[in-house]
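Readers should treat all values here as calculations from the given coordinates under stated rules, not as data from a laboratory. Keep in mind that what you see is a predicted model, and the values were worked out from it rather than measured. Cβ sites come from the backbone with ideal geometry, for glycine too, and all protein chains shown count toward neighbours.
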Amino acid sequence: MKTTIIGLFLVILSAQLSFAQSTAEQEIINLSKDKWQWMADKDVDKLEPLFHNDSRFIHMSGTWGKKKELEIIKTGDIWYKQADIHDVVVKTFNDTAILWNRITLIAMVRGNEAKTEFTVTEVYQRKDNSWKLLDLTFSSVRDTHTLEH
């Protein structure tokens with residue numbers, strides 16, 4: 001009887017942990033989609049609280065922090081017009097989540113339209129009941145690039 005109760009407790013605990021992880025993963029997927037839309041809309045008022053104060057943005061042309069990224073978005077130096085998301089993988093580690101998107105990005109970069117295939121790595125950390133973006137890294141890839149699930 002004792003073994004059955006302990007076994008049942010462990011099954012319930014495992015199910016709750018799995019549900020919490022999948023809920024966090026879906027929350028990150030939704031947040032990332034929203035972020036792409038806010039970037040397309042140049043909505044720095046929504047992006048500002050999402051980006052951690054010490055966040056880093058790694059692009060093909062350089063690496064910089066939050067202040068410069070928000071200014072680039074606001075001025076349209078890089079206008080993330082459209083991000084077509086082809087695949088997403090999320091892994092959570094306690095209060096940290098890493099998301100990998102395979103996207104086709106249509107962007108205006110200093111007045112020139114560019115269509116580029118990327119795998120984008122986004123690192124988030126849960127702080128005070130909300131997720132903060134710590135890092136966003138663009139990796140140029142072929143259109144045949146796949147994400148292993």
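Exactly one residue among F51, F57 is touching a Leu at 6+ places or on another chain (Cβ under 8 Å), in contact (Cβ under 8 Å) with a residue 24 or more places away in the chain and within 15 Å of W131 (Cβ to Cβ), and that residue is F51. Would you check if there is a residue in the stretch 100-111 being touching a residue at least 12 places away in the same chain (Cβ under 8 Å), surrounded by fewer than 14 Cβ atoms within 10 Å (Cβ to Cβ) and farther than 21 Å from D54 by Cα? Yes, the stretch 100-111 contains a residue that is touching a residue at least 12 places away in the same chain (Cβ under 8 Å), surrounded by fewer than 14 Cβ atoms within 10 Å (Cβ to Cβ) and farther than 21 Å from D54 by Cα.
Are any of the residues in the stretch 125-135 hydroxyl-bearing (S, T, Y) and touching a strand residue (DSSP E or B) at 6+ places or on another chain (Cβ under 9 Å)?
No, there is no match, as no residue in the stretch 125-135 is hydroxyl-bearing (S, T, Y) and touching a strand residue (DSSP E or B) at 6+ places or on another chain (Cβ under 9 Å).
Is there a residue in the stretch 56-75 that is surrounded by fewer than 18 Cβ atoms within 10 Å (Cβ to Cβ) and under 27 Å from T23 (Cα atoms)? There is at least one residue in the stretch 56-75 that is surrounded by fewer than 18 Cβ atoms within 10 Å (Cβ to Cβ) and under 27 Å from T23 (Cα atoms).
Look at T119 and say whether it is out of contact with any helix residue (DSSP H, G or I) (no Cβ under 9 Å at 6 or more places or on another chain) and surrounded by 19 or more Cβ atoms within 10 Å (Cβ to Cβ). Spelling it out, T119 is indeed out of contact with any helix residue (DSSP H, G or I) (no Cβ under 9 Å at 6 or more places or on another chain) and surrounded by 19 or more Cβ atoms within 10 Å (Cβ to Cβ). Going by the structure shown, is V141 surrounded by 11 or more Cβ atoms within 10 Å (Cβ to Cβ), in contact (Cβ under 8 Å) with a residue 12 or more places away in the chain, farther than 17 Å from I72 by Cα and over 17 Å from the mean Cα position of the chain (by Cα)? Against the criterion (surrounded by 11 or more Cβ atoms within 10 Å (Cβ to Cβ), in contact (Cβ under 8 Å) with a residue 12 or more places away in the chain, farther than 17 Å from I72 by Cα and over 17 Å from the mean Cα position of the chain (by Cα)), V141 qualifies.
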